[in-house]
Amino acid sequence: MIVKSVLIFDSGVGGLSVFKEIAKTMPEQHIIYAFDNAAFPYGELADDVLVSRVCGMVSTLCAEHDIALVVIACNTASTIVLPPLRERLSIPVVGVVPAIKPAAAISQSKRIGLLATPATVKRDYTQQLVRDFAPYCQVTMVGSTELVQMGEAKLRGVPVNPSTLSTILAPFVNHVDCIVLGCTHFPLLKREIELVMGSDCVVIDSGQAIASRVNGLLNEEGDQKASFNRQLLHSVFSSAAVEDEVALNQEMKKLGFSPIKRAPIF
Ligand code: DGL
């Protein structure tokens, strides 16, 4: 059996929410996690810059490691980079789609909220998703980079400020009964978001759906599935020096990662 890794990619630590679901579903699978912190936050980046960064960094990592499948664990990137990236790679590329369709089915009031980055809420891809899967729903969209930064800080041990969070979530309170976390950083703050929204509001994300898609694709590939050696730690690469690297490495170690290394120049 050939030992291959799954590459999970994001701008920062958000993709770790997807990593956790994949590791739960496939505990034997070796993971390489890579994040482009040099260009963080992706939600503020021009489209062409985003496409060239993601295609460049992911292609280079795929050329240097034995990768069975790529997960773009970033909603902001997934809305525009999947077609050009799939053209460049011969392995499966899985993206993240905001869970608008399940939210439309779950919501009783048919008033749902989408919490994402400023770029994701603006993109045609997202607007089309709403037209296709929630045409009869009122969808309130909030794009917040501050919340992305709060997710980064939490993974470095900084607690979430409840009043800042309440201000960000204000457009949803007493209005929607289901919130879609359309940015992979936000499941890292799910408990705090649920506390602000109360028990009448359901908070959903796409992590589990991605994990079962990845599992299904790897099972189809059969011989490419990794045989996991319990001594083998997951690997993590960043594109630039990491803020609070010691604190983040401690958190990553708990998830089974070796210390953060610099990604190859692309
Ligand atoms: N985690 C990302 C997402 O799912 C990107 C956040 C950012 O870098 O702005 O959209």
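Counting residues in the stretch 100-116 that are at pLDDT 95 or above, touching a Ser or Thr at 6+ places or on another chain (Cβ under 6 Å), among the polar types (S, T, N, Q) and buried (at least 18 other Cβ atoms within 10 Å of the Cβ) gives zero. For the stretch 24-48, the candidate set comprises residues that are farther than 18 Å from D205 by Cβ and more than 14 Å from the ligand (Cβ to nearest atom); within that set, the residue that is most open to solvent (accessible area, probe 1.4 Å) is D48. Criterion first (open to solvent by 30 Å² or more (accessible area, probe 1.4 Å), within 16 Å of the ligand (Cβ to nearest atom) and either in contact with a Leu (Cβ under 7 Å, 6 or more places away or on another chain) or more than 21 Å from I72 (Cα to Cα) (or both)) does R191 satisfy it? Considered against the rule, which asks whether it is open to solvent by 30 Å² or more (accessible area, probe 1.4 Å), within 16 Å of the ligand (Cβ to nearest atom) and either in contact with a Leu (Cβ under 7 Å, 6 or more places away or on another chain) or more than 21 Å from I72 (Cα to Cα) (or both), R191 comes out as no. I'd like to check something: does the stretch 157-175 contain any residue that is within 11 Å of the ligand (Cβ to nearest atom), under 20 Å from S17 (Cα atoms) and among the hydrophobic types (A, V, I, L, M, F, W, C)? The answer is no, given that none of the residues of the stretch 157-175 is within 11 Å of the ligand (Cβ to nearest atom), under 20 Å from S17 (Cα atoms) and among the hydrophobic types (A, V, I, L, M, F, W, C).
Looking only at residues in the stretch 64-94 that are small (G, A, S) and in a loop (DSSP other than H, G, I, E, B), the one that is surrounded by the most Cβ atoms within 10 Å (Cβ to Cβ) is A73. Residue count for the stretch 111-141, restricted to those that are charged (D, E, K, R), touching an Asp or Glu at 6+ places or on another chain (Cβ under 9 Å) and more than 16 Å from the ligand (Cβ to nearest atom): 1.
Test E21 against the stated conditions and say whether it is part of a loop (DSSP other than H, G, I, E, B), acidic (D, E) and either touching a His at 6+ places or on another chain (Cβ under 6 Å) or open to solvent by 10 Å² or more (accessible area, probe 1.4 Å) (or both).
no
The values are calculated or read from the model by the stated rules, or taken from the named source; none is laboratory data. Because the structure is a prediction, the values reported are computed rather than measured. Note that each Cβ is placed from the backbone with ideal geometry, even for glycine, and that neighbours are counted across all protein chains shown. Accessible surface is based on the protein model in full, side chains and every heavy atom, while ligands, DNA and RNA are left aside. Shrake-Rupley method; radii C 1.70, N 1.55, O 1.52, S 1.80 Å.
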